Every structure is written in structure tokens, then in C-alpha cells.
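J.: Sending over a structure as C-alpha cells; questions will come in a sec.
What follows draws every value from the coordinates through simple rules; no lab data is involved. In this text the structure is predicted, and so the values were computed from the model without any measurement. For neighbour counting, all protein chains shown are included, and Cβ atoms are generated from backbone atoms with ideal geometry for every residue, glycine included.
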């Protein structure tokens, strides 16, 4: 790649990396996985930079990020049988309130993959229903229903244990 094109890509990386990292963290729920997703996304975009920059490089990079997350999820979703029951985490709120951002990330991570992706793309990245559908490769109706279910589940998870909440 030519020096000016490499500088252009480096400027792009500096500008979008923090937002991509936060998006990946919200999708995966793990900061280390998020870093890996962002790095791999940027590597793939670098290889196809001429094509990506011609249209909308941020949208192209987001699509790569979501696809990588989906691929990772598919590879790791194998069921593991054990003979022990996992311990249940006690809910926060016994005299201390856990930071709402961490609660939100935990609640997002508890959502099914499609609902989590829709909620993050629609409400964190502020994409339209049409853009979210294009990014995920699904119908607009799927985005609407998945977002609605995801938001309802988040509301329930985040208001659970809060007294006098309407």
C-alpha cells in the first residue's frame, strides 16, 4: 500500500477504534475478546481498504466485526455436559449498588445473540432498523422483533430488585 493510503487507514483506525472496542465489548461481554474482535476486524478491513473506503468504511468495519462475533459464537456454542450444578451469583443490591454500566453489560450478555446484536446496533451505535438489518443480513421485521424482545428483557433484568419502580 502507498504511504498516503496507509496514513489514511491509520487515521481511520485512530478515529473508530474506541467506538468499535466498546461495541465489541457490548456484543461479547469480555474485554479481551472485544480487543481480539476489533483487531481482527481492522486487519480484514486493511486488506480490502480500497473497496471499504469507497463506500462507508465504518459500516463495512462494523459488518466485519459483527460477522466475526457471530462466527466466534457459532464455534463456541457447543453444549458441555457436567455432573455438577453451577453456583448462582447472588443479585447485587444488598447495601451496595453495582455500577449500572456493568449491570448493563451483564444483562446484554445474558440476551440471546441476535437480540444482543440488534439492541447494540440500534441503541448504542444508533443505526436505523434498515441499516441494522443490512449489517446483520436479516429482515427489518426480525430487527424490530429482536430489538423489542431484547429491550423488554433488559428492562426486566435492570429493574429487578429496584423497589418502587414503575
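J.: So what's the convex hull volume per residue for the Cα atoms of the stretch 100-159, in Å³?
T.: On the way: hull volume 4.0 nm³, N = 60.
Considering the Cα atoms of the stretch 100-159, their hull volume per residue is 66 Å³.
J.: Label residue 55 and residue 40 with points 7 Å out from Cα along Cα→Cβ: what is the distance between them in nm?
T.: Roughly 2.2 nm, to one decimal.
J.: Counting other beta carbons within 10 Å of each residue's own, what order do 70, 84, 147 fall into, fewest first? Don't skip to the end; give the middle numbers.
T.: Numbers: 70 16, 84 5, 147 21.
Starting with the residue having the fewest Cβ neighbours, the order is 84, 70, 147.
J.: With 10 angstrom as the radius, rank 69, 32, 109 by how many other C-beta atoms surround their C-beta, starting from the fewest. Kindly include the intermediate steps, with their values, before the conclusion.
T.: On the way: 69 22, 32 9, 109 14.
By the 10 Å Cβ count, ascending, the order reads 32, 109, 69.
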